[in-house]
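Written below as C-alpha cells is the structure these notes are about.
Please treat every number below as a calculation from the coordinates, not as lab data. No experiment lies behind these values; they were computed from the predicted model shown. Note: ideal-geometry Cβ built from the backbone for every residue, glycine included; neighbour counts use all protein chains shown.
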Amino acid sequence: MVLSKKVKGGFTLLEILIALVIFVLGSVSIWSLFAVAVNTYNESLDHQIATLVAESIMAEFEDVDVAKGKVLLPIYEGKSIHFPDYKYQLKWIDVGDDALLIKLKIFYQRRGQEREFEFRTVMYRSIQQEP
C-alpha cells in the first residue's frame, strides 16, 4: 500500500501577520521621516525668506546714509514692501568710531504662532571731507 503525502503550500496565518507587522513598522518609520523632512524644509524656507526680507530692508535703508546729514530715528517699525506678511523692527545704535550697530528683527506668523528672526551687523559710515 502506497501512502500519499499531502504537499503543504502557501503561508500560515501567523506568517502573514508577522509579515504585516514588519511592513507596518517600516511604513510608519518612513512616514515619520517624511514628516520630519517636510518640517525641516518649511523651517529652512522660512529662514531663507526672512533673510531675503532682511536684505531687502537693509537695501532700503542703505540709501538713508547718516553721513549725508539725515536724521535717523533710533527705531523703525513697518512692513516689508516686497513681503507684506513680514513685519520688521530696525534699531540703530551708535557705537562710536563712525559705526552703527544694526539690530533687525523680522516677525511673521506661521500656523497661528508668531515667529521672529534677529539679524545683527555693523555699518561703518564713510564721511567724505569737503575741499
Distribution output for region 13-124: share of Cα-Cα pairs per 10 Å bin in percent, first bin at 0, values 12, 32, 20, 13, 9, 7, 5, 2, 0
To the nearest 20 debye, region 13-124 has a Cα-centred charge dipole, built from +1 on Lys and Arg Cβ and -1 on Asp and Glu Cβ, of 300 debye
Region 77-116, convex hull of Cα, quarter of hull surface, nm² -> 3.4 nm²
The ³J(HN,Hα) series, computed from each phi in region 93-103 with the Karplus coefficients 6.51, -1.76 and 1.60 at θ = phi - 60°, rounded to the nearest Hz and given as x for glycine or proline, is 10, 6, 9, x, 6, 6, 10, 10, 8, 10, 10
Sequence order, region 111-124: Karplus ³J(HN,Hα) from phi using 6.51 cos²θ - 1.76 cosθ + 1.60, θ = phi - 60°, Hz rounded, Gly and Pro as x, gives 6, x, 10, 7, 10, 8, 10, 10, 10, 9, 7, 10, 10, 9
Listing TRP92, TRP31 by rising number of other beta-carbon atoms within 10 angstrom, fewest first, gives TRP31, TRP92
Count of lysine pairs, region 13-124, Cα-Cα under 12 Å, sep. 8 or more residues or interchain, comes to 5
Neighbours of ARG111 by Cβ distance under 14 Å: Lys/Arg at +1, Asp/Glu at -1, summed charge -2
